[in-house]
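Okay, so here's the structure we're looking at.
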Amino acid sequence: MAKIYPLIYASANDAIALEQRFYIKEEVTRGTMVFPLNTDFLFHLPGGSIGFEQPFESSPQRSGRHHSNIIKKKKVSSFTLSTYFNIDEAAISGLLAIDTPVKLLWKSLLGVEDATGPDLVYNAGTAPNATFTMYECGDKWARQTPGGFIMGGNVQLPGDGEATTEWSGNGKTTYLAGIAKSVTANAANIITVAAGEGFRYTVGAAVMIIKYIAGVQTLSADTPAATPRRVTAVTSTTVTVDGAVLADASGVVDPVYLVYHEPLAPVAINNPVTGLVGDVTIVGLANQCVRSLGLNFQNNHELVDYCFGEDGLGGTLFVPGDRLTVEVTMSMNLNHEVLAFFIGLLDFPTKNIVGVLGNVAGRNVTFTVPSARFMIPAFSVPDTGSIPVEFSGTAYETAFGLADEVEVRYN
């Protein structure tokens, strides 16, 4: 059911955690906010959020024994977001099997998206360049972060749980917005709201105007779909927005509501492929029960948080200035073959690993690591049962300059 913002405004309830939604849309220019569409929504797991802070410390200037002022530090915007692998198993190709924002997350993580088809392929052949605007919308609030990019992704494919990816990254800044009510004939670009409600918005936030007549919610013609306004100034009782003079925002007869921008009819693939169907192949080690496979990607970007005159990230926002590191972990039970695999690691060989999540003969996502090198693991013996051995290593390119240490393919 769509949100009815006037009813949310009127509710005496505190904000409800279950109403949290995420939207992600690629930017044309780094750090310049774009406005998500219905198809930029994606399903996510509990626990994700956008974090925003501006630390400060007490001024060290001599002022006696008492704190007298502060020194502000750079603003920090960061986020975490966990997802299942929602795959449309009825799609005619891998290109159409996942949502647009998920494609963007992989593109921002690895750098290269090959959408020439029919499969959709991601690799690290070129350093990541894409940025995006992320919306985190609740019921009575929203956080909006332009200039977003992925710093790390942690894929976990357990044999006794759900397959997930945890995404983490940073953004240029974060704006906040809520819901306010207006009962006046709003003129020019100023919306008059109840006392104190103007402080529900930060300058820069994207907002829309909602009309609610006879129980029917519609968008004002001043903020049609995907065309919000940006807040340019606030006082206790007024919110000033950019753009043309308001022509459809009078609240005299029926109140109007100033609301954080959000697509009104979000859509996304809702078919989690969680690991009941799949396969892990380790070249040279056949017919093994792989208890879990993990790929932890770390871009190790340099944050451009040192520009003079900027209170947060500036310039290009990030520099891919350090190595992409892909840690490979897997767990197997100790047996004859695994013992030989274990001993073989003493020679530091490379191992070719392929993990398939989903139906091998249908739509799936395949992770290929052609050249992993594993550390020699220690293992302990439990009181009862099998003896699991945890292998941990790093993905390497197969030859200098190939940048082929990992491939993610939606078939």
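The values are calculated or read from the model by the stated rules, or taken from the named source; none is laboratory data. Note that the coordinates shown come from a computational prediction; the quantities given were computed from them, not determined experimentally. Methodologically, a virtual Cβ is constructed for each residue, glycine included, from the backbone with ideal geometry; neighbour enumeration extends over all protein chains shown.
Can you spot a residue in the stretch 304-318 that is more than 19 Å from THR145 (Cα to Cα), in the same structural domain as LYS75 (by TED's automatic domain parsing) and of a type in the set (Asp, Glu)? No: the stretch 304-318 contains no residue that is more than 19 Å from THR145 (Cα to Cα), in the same structural domain as LYS75 (by TED's automatic domain parsing) and of a type in the set (Asp, Glu). The set of residues in the stretch 183-204 that are among the aliphatic types (A, V, I, L, M) and either closer than 26 Å to GLY31 by Cα or assigned to a helix (DSSP H, G or I) (or both) contains only VAL203. Only a single item in (1) surrounded by 15 or more Cβ atoms within 10 Å (Cβ to Cβ); (2) modelled with pLDDT of 95 or more is not met by VAL273, and it is number (2). Confirm whether VAL76 is farther than 27 Å from ASP404 by Cα, buried (at least 18 other Cβ atoms within 10 Å of the Cβ) and β-branched (Val, Ile, Thr). Taking the combined requirement at face value, the residue satisfies it.
Report yes if ALA399 is surrounded by fewer than 20 Cβ atoms within 10 Å (Cβ to Cβ), part of a loop (DSSP other than H, G, I, E, B), in the same structural domain as ASN154 (by TED's automatic domain parsing) and not acidic (Asp, Glu), otherwise no.
When the stated conditions are applied, ALA399 passes them.
Residue check: GLU162 meets all listed conditions (1) surrounded by fewer than 22 Cβ atoms within 10 Å (Cβ to Cβ); (2) in contact with a strand residue (DSSP E or B) (Cβ under 8 Å, 6 or more places away or on another chain); (3) farther than 30 Å from SER292 by Cβ; (4) of a type outside the set (A, V, I, L, M) but one, namely (3). Here the stretch 114-154 is the region considered, the condition is being surrounded by fewer than 17 Cβ atoms within 10 Å (Cβ to Cβ) and of a type in the set (D, E, K, R), and the residue that is nearest to the chain's Cα centre (by Cα) is ASP114. Tell me, which strands (runs of 3 or more DSSP E) wholly within the stretch 1-58 include 3 or more residues that are within 22 Å of the chain's Cα centre (by Cα) and either at negative phi or without any contact (Cβ under 8 Å) to a residue 12 or more places away in the chain (or both)? Where strands (runs of 3 or more DSSP E) fall fully within the stretch 1-58 and carry at least 3 residues being within 22 Å of the chain's Cα centre (by Cα) and either at negative phi or without any contact (Cβ under 8 Å) to a residue 12 or more places away in the chain (or both), they are 21-26, 49-53. When residues of the stretch 191-219 are filtered for being over 18 Å from ALA142 (Cβ atoms), surrounded by fewer than 19 Cβ atoms within 10 Å (Cβ to Cβ) and not hydroxyl-bearing (Ser, Thr, Tyr), how many remain? Residues in the stretch 191-219 being over 18 Å from ALA142 (Cβ atoms), surrounded by fewer than 19 Cβ atoms within 10 Å (Cβ to Cβ) and not hydroxyl-bearing (Ser, Thr, Tyr): 7 in total. Picking from residues in the stretch 54-73 that are basic (Lys, Arg) and more than 30 Å from PHE132 (Cβ to Cβ), the one that is surrounded by the fewest Cβ atoms within 10 Å (Cβ to Cβ) is ARG65. Considering the stretch 61-134, the qualifying strands (runs of 3 or more DSSP E), each wholly inside and each with 3 or more residues that are polar (S, T, N, Q), run over 76-84.
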